[in-house]
Amino acid sequence: MSQREHDSLTLLGNKQVEYPTTYDPSLLETFQNQHPTRDYMVTFRCPEFTTLCPITHQPDFGTLFINYIPDQRMVESKSLKLYLFSFRNHGDFHEDVTNIIMNDLIALMQPRYIEVRGLFYPRGGISIYPFANWANPQFSYENMAQQRLFSQLSDIETPASSHV
């Protein structure tokens with residue numbers, strides 16, 4: 001990582017960071033992919049995700065999985081943590097939150113492929129597991145995206161704590 005790019009990361013190592021109280025996609029930062037000629041998957045497991053029900057304003061808890069194949073840019077993890085934290089006081093349905101996160105990351109990085117899976121814990125006896133994915137048309141992942149959309153249903157009976 002060049003010094004100039006290092007200097008552009010404002011959150012990593014900053015001990016004065018304030019935690020956001022409202023949804024804020026501007027918190028997201030990127031850095032240069034050091035291996036842009038190679039396809040590889042990056043996975044984030046976010047087991048403490050919290051958002052608010054848009055109607056009752058009660059907290060909803062879940063685990064998010066973000067998987068992506070980077071192209072030129074990658075999301076910096078501390079900025080992602082703060083961005084996800086910004087949902088704590090944000091009210092949206094689980095399906096919306098999953099798609100908002102995916103759309104923000106697409107706009108930020110333009111990855112080759114990305115998927116966001118939410119495993120929201122039961123409220124009123126119902127768990128919700130939204131899944132959204134996108135394949136950049138410049139690459140050859142459209143078939144994989146379609147297959148993943150339906151194959152992810154095969155393990156929803158597995159307890160959320162065992163998902164990797």
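The values are calculated or read from the model by the stated rules, or taken from the named source; none is laboratory data. Since we're looking at a predicted model, the values are computed, not measured. Because the Cβ atoms are built from the backbone with ideal geometry, glycine has one as well, and the counts that use them run over all protein chains shown. For accessibility, only protein heavy atoms count, side chains too; no ligands or nucleic acids. Shrake-Rupley method; radii C 1.70, N 1.55, O 1.52, S 1.80 Å.
The table below gives the values:
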quantity: HN-Hα J in Hz across the range 94-104 - Karplus 6.51, -1.76, 1.60, θ = phi - 60°, x for Gly and Pro; calculated: 3, 5, 5, 4, 4, 6, 4, 4, 4, 4, 5
quantity: Percent accessible area from carbon and sulfur atoms, the range 100-158, protein chains only, probe 1.4 Å; calculated: 54 percent
quantity: Radius of gyration and Dmax over the Cα atoms of the range 55-164, both given in Å; calculated: 14.5, 43
quantity: Difference of contour (0.36 nm per residue) and Cα-Cα distance, Thr21 to Met41; calculated: 4.1 nm
quantity: Overall form of the range 28-73 per C-alpha gyration tensor (a/c, 1.5; a/b vs b/c); calculated: prolate
quantity: By average C-beta atoms within 10 angstrom, highest first, the peptides 80-93, 20-33; calculated: 80-93, 20-33
